[in-house]
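Below is one structure, written out as structure tokens; comments come after it.
The values are calculated or read from the model by the stated rules, or taken from the named source; none is laboratory data. A quick note: this is a predicted structure, and the numbers were derived from the prediction, not measured. Note that each Cβ is placed from the backbone with ideal geometry, even for glycine, and that neighbours are counted across all protein chains shown.
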Amino acid sequence: MSPSSVTLAFIAALLLSTGLRLWLATRQMRHVALHRDAVPAVFEGRVAPSAHQRAADYTLARGRHGMISMIWSAVLLLGWTLFGGLEALNGLLRDALLARHGALAYELALLAAFALIGALAELPLDWYETFRIEQRFGFNRMTPALWFADLAKGAALAAAIGLPLAALILWIMGASGGLWWLWAWVAWTAFNLLALVVYPTLIAPLFNKFEPLADAALATRVQALMQRCGFAAKGLYVMDGSRRSAHANAYFTGLGASKRVVFFDTLLQRLTPGEVEAVLAHELGHFKHRHVLQRMVSLFALSLVALALLGWLARNSGFYLGLGVAPNLEAPNDALALLLFMLALPPFMFFVSPLMALWSRRHEFQADAYACAQADGGALAAALLKLHEDNATTLTPDPMYARFYYSHPPASERLAALPAPHAA
């Protein structure tokens, strides 16, 4: 593997993926703007023109911000790789830490410094999205103090969990020979399964409050639905989502006996009990069709392939040199290999995203069909329409953009497959 071939492949993937993303974003914005002034015929009488225009404006604002983010991300990626950013950071930390504190301290410091600098580089865009775009359209409920508190909690949690996990992976890479990637995959898979178990009770409460569902009638209705579907959960909880955002949602979390149902308080404020039941039936449909298990298995399979690929690339000096970094001669290259792989992989994986999106949309149709069999399909249609309106989701996406990105079917396609909502 020659450095020049790696460089050419990387530049080609980056240019093609970034160019395609910008082209798709432009198509989406043009299509949404073109259809801004008229509610689609299928939604006439069900969606107010003001709500449709608000959704279009929100989509356009997020689209412009997204295009800036794409360009900034590409600049950062080039800065880390071919423009020498990672090479400079590696040399600085290697010279400062390797002799005094050992290889593991140097490699952990490299990973931590990279993560910190990358996060800081993204902060202005995150701030603008929250306190300008989301604020402008009435979605943001966060104060600057809460935003910074979340950042601090997230950083502390990443250090408390990420550094020990990184230390374990680095130790495996150095101690397990040529098959280190297999043992690293075992450790990574075990960590993810453990995280699914402990997240609901130990991690999520650090950021939100969870209280048992107080509406006895709704709780009885939900429990009857889960009993019909053969699903057991540890509890029904309401999360204070309104503390941060006006967006609404409901989800299952946990694994095995730790599974719980979580409703955003904003969802319960907006939907009727029948609509809440229908939305929950849709989520149960994902479990009934084993969509969650399929996604987990596919994620673990892809991670195994990725680690095996990294195991091969890490042994080739052309991999490092082709991405702008000289491999260490007297120190391990494991952290460098991990970082370069994390940087270089996304431009190539971008071209797989339409297949993943297609797979996800099929799952959504299956879950909708299951919900219609277990609950009121008209209530599900009404709930989906309310959620589209409340979340300012455009009803007129560009078809090609939707096929490439959308994990859920566009509203027109999804609602066309459901019974019409009952008249008010």
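Things worth noting here:
- One residue from ASP95, ASP37 being over 28 Å from LEU123 (Cα atoms), outside any helix (DSSP H, G or I) and without any contact (Cβ under 8 Å) to a residue 24 or more places away in the chain: ASP37
- In the set (1) in contact (Cβ under 8 Å) with a residue 40 or more places away in the chain; (2) within 30 Å of the chain's Cα centre (by Cα), ALA103 fails one condition alone, (2).
- Selection count, the stretch 281-295, where residues are among the aliphatic types (A, V, I, L, M) and free of Cβ contacts under 8 Å to residues at least 60 places away in the same chain: 2
- Candidates ASN208, ASN192, filtered to the one that is among the polar types (S, T, N, Q), under 21 Å from ALA152 (Cβ atoms) and modelled with pLDDT of 85 or more: ASN208
- Single condition TRP147 does not satisfy, out of (1) in a helix (DSSP H, G or I); (2) at pLDDT 95 or above: (2)
- Applying a threshold of 7 Å to beta carbon distances and a minimum spacing of six or more residues, or different chains, the list of pairs starting in the stretch 117-129 at a residue that is under 11 Å from HIS65 (Cβ atoms) and ending at one that is polar (S, T, N, Q) reads LEU125/SER69.
- Every pair of residues 6+ apart whose Cβ atoms lie under 8 Å, when the first sits in the stretch 342-355 and is surrounded by 14 or more Cβ atoms within 10 Å (Cβ to Cβ) while the second is outside any helix (DSSP H, G or I): LEU343/THR81; LEU343/LEU323; ALA344/THR81; ALA344/LEU323
- Residue in the stretch 253-274 that is surrounded by the most Cβ atoms within 10 Å (Cβ to Cβ), counting only those that are modelled with pLDDT of 85 or more and part of a loop (DSSP other than H, G, I, E, B): LEU271
- Hits in the stretch 106-116 - residues which are surrounded by 14 or more Cβ atoms within 10 Å (Cβ to Cβ) and more than 19 Å from the chain's Cα centre (by Cα): TYR106, GLU107, LEU108, ALA109, LEU110, LEU111, ALA112, ALA113, PHE114
- Top-ranked residue in the stretch 214-252 [being touching a Gly at 6+ places or on another chain (Cβ under 9 Å) and modelled with pLDDT under 90; ranked as surrounded by the most Cβ atoms within 10 Å (Cβ to Cβ)]: ALA248
- Some residue of the stretch 138-158 being over 30 Å from GLU389 (Cβ atoms) and hydroxyl-bearing (Ser, Thr, Tyr): no
- For the stretch 172-185, a residue qualifies if it is in contact (Cβ under 8 Å) with a residue 12 or more places away in the chain and surrounded by fewer than 16 Cβ atoms within 10 Å (Cβ to Cβ), and the qualifying residues are GLY174, GLY178, LEU179, LEU182.
- Taken together, the residues in the stretch 186-221 that are touching a residue at least 60 places away in the same chain (Cβ under 8 Å) and either out of contact with any helix residue (DSSP H, G or I) (no Cβ under 9 Å at 6 or more places or on another chain) or among the aromatic types (Phe, Trp, Tyr) (or both) amount to 1.
- Being within 13 Å of GLU87 (Cα to Cα), surrounded by fewer than 21 Cβ atoms within 10 Å (Cβ to Cβ) and not charged (D, E, K, R) is a property that ASN316 lacks.
- Residues of the stretch 83-97 satisfying the condition of being crowded, with 18+ Cβ neighbours inside 10 Å and hydrophobic (A, V, I, L, M, F, W, C): LEU86, LEU89, LEU93, LEU97
- Residue ID - nearest to ALA381 (Cα to Cα), chosen from residues in the stretch 34-72 that are of a type in the set (S, T, N, Q) and in contact with a helix residue (DSSP H, G or I) (Cβ under 9 Å, 6 or more places away or on another chain): THR59
- Consider the stretch 13-33 and keep the residues that are touching a helix residue (DSSP H, G or I) at 6+ places or on another chain (Cβ under 9 Å) and surrounded by fewer than 14 Cβ atoms within 10 Å (Cβ to Cβ). The one that is nearest to LEU310 (Cα to Cα) is LEU15.
- Tally, over the stretch 207-236, of residues that are in a loop (DSSP other than H, G, I, E, B) and over 30 Å from PHE148 (Cβ atoms): 9
- Among the residues of the stretch 333-388, the ones that are among the polar types (S, T, N, Q) and either farther than 30 Å from GLY274 by Cα or not in a helix (DSSP H, G or I) (or both) come to 2 in all.
- Residues of the stretch 237-251 classified as free of Cβ contacts under 8 Å to residues at least 60 places away in the same chain and under 22 Å from ALA382 (Cβ atoms), total: 5
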